[in-house]
Amino acid sequence: MGKDTRKSNEKANYKKPFWTTSRKDMLSGYLFIAPEFIGIALLGIFPLLFSLYLSFTEWNLVGGIDAINFIGLDNFKYLFEDGVFHKSLINNLIFSVVYVPFSIGIALVIAYFISSAVYFKDFFKVAFFIPYISTMVAVAAVFSVLFHPSLGVINNVLMSLGVENPPGWLGSTNTALWAVIIIAVWHVVGYNVVIYIAGLTGVSKELYEAAQIDGANKFKQFIHITMPMLGPTTFFLVITSIVNSFKVFDLIAFLTEGGPNNATNVLVYYIYEEGFQNFRMGYASALSWVLFIIVAIITLATGRAQKSNF
């Protein structure tokens, strides 16, 4: 009895050490991933929170940190009076409304025909993908020559076909934005084609065979089989295309710098102008958060539509 009592007392008084093997392993794991978290905090979270704070301030970048002046909601109130912001927002919405369906629709048709082809599939995949892997500045440089009002190939072809007054393209307020959209669609179609071809490989051939037995032609097969089965792929491309349409910058910066007369100015380029040309970092931060909210709302709305349809 005495031994049993002593053993039970020893167990009761025994304290488990804090640094157990499992906790040491956990600490090692945290130490390994700590640099990643520190990098995210310094390069992601801190700039995000700092820009949110700046959106409520007036700050001339040249004046340094001491020049930051808290002004509350004045930057956001000024947005309603800023004509350039209104023009940039409208241009961006037009760009998105045209860019997203055309870049996806054209790619879907091309991918369907490539997948249906018997020969040269790999050649066509590479041929359509090459523009996408080219830098946007190089693409813009080529199209700036093609769209030249008097010396460009496009207008020379139009004049040879009998068009007396061809468009001014990038030099005209009526056509500059449309020219930028054409270039952007041409550049991204190859990427969308490759994504759609990958999605088409997952569509069962038995579905097409069954539809063919039931008398469905190619067009009906495309509408009732191909498009529904590619729903998740289309949703992915819609989301990425919407985000990319609100990120367009390099084309505008190289080709038009927002002109002529703000005809091609978009939100990202306007943010760049206010922040790094006019040095109004507070107002540029407010514009950035408005852009973030717009993209978030559109993305959430698209996600809800995708869930209800697929």
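Observations
- Distances between placed amide hydrogens fall under 5 Å for Gly152 paired with no residue 5 or more residues away or on another chain.
- Cβ-based exposure ranking for Leu291, Leu79, in which fewest neighbours within 10 Å come first: Leu79, Leu291
- In the stretch 78-309, lysine pairs with alpha-carbon atoms under 18 angstrom apart (chain gap of 8 or more, or interchain): 4
- Long-range HN-HN contacts of Thr57 with modeled amide H, under 5 Å: Ile71
- For the chain, the spread of Cα coordinates along the three principal axes comes to 114, 71, 34 Å, biggest extent given first.
- Among the chymotrypsin sites (Phe, Trp or Tyr not before Pro) found in the stretch 15-72, those both in a DSSP coil and sparsely packed, with 12 or fewer other Cβ atoms within 10 Å of their Cβ, are Phe18, Trp19.
- For the chain, built as a Gaussian network whose Cα springs stay under 10 Å, the top-fluctuating residue of Asn244, Asn165, Asn278: Asn165
- Using R0 = 25 Å, the C-beta based FRET efficiency linking His86 and Ile45 works out to 0.20.
- A simple spin-label model places the labels of Phe249 and Val137 1.4 nm from each other, with each point 7 Å out along Cα-to-Cβ.
- Other residues with beta-carbon under 15 Å from the beta-carbon of Trp59 carry, at +1 per Lys or Arg and -1 per Asp or Glu, a net charge of -3.
- Here the label points at Leu158 and Thr240, each 7 Å from Cα along the C-beta direction, are separated by 3.2 nm in the simple model.
- Most mobile listed residue (Ile297, Ile68, Ile40) in the chain, GNM with C-alpha springs under 10 Å: Ile40
- When each of Val62, Val185, Val97 is scored by the number of other beta-carbon atoms lying within 10 Å, the sequence from fewest to most is Val62, Val97, Val185.
- Distance between the 7 Å Cα→Cβ label points at Val145 and Thr20: 7.1 nm.
- Cβ-defined net charge surrounding Gly190, 15 Å radius [Lys, Arg +1; Asp, Glu -1]: +1
Only the coordinates and a few stated rules stand behind these numbers; no lab work does. This one's a predicted model, so the numbers in the text were calculated from it and none came from an experiment. Virtual Cβ from ideal backbone geometry, glycine too; neighbours counted across all protein chains shown.
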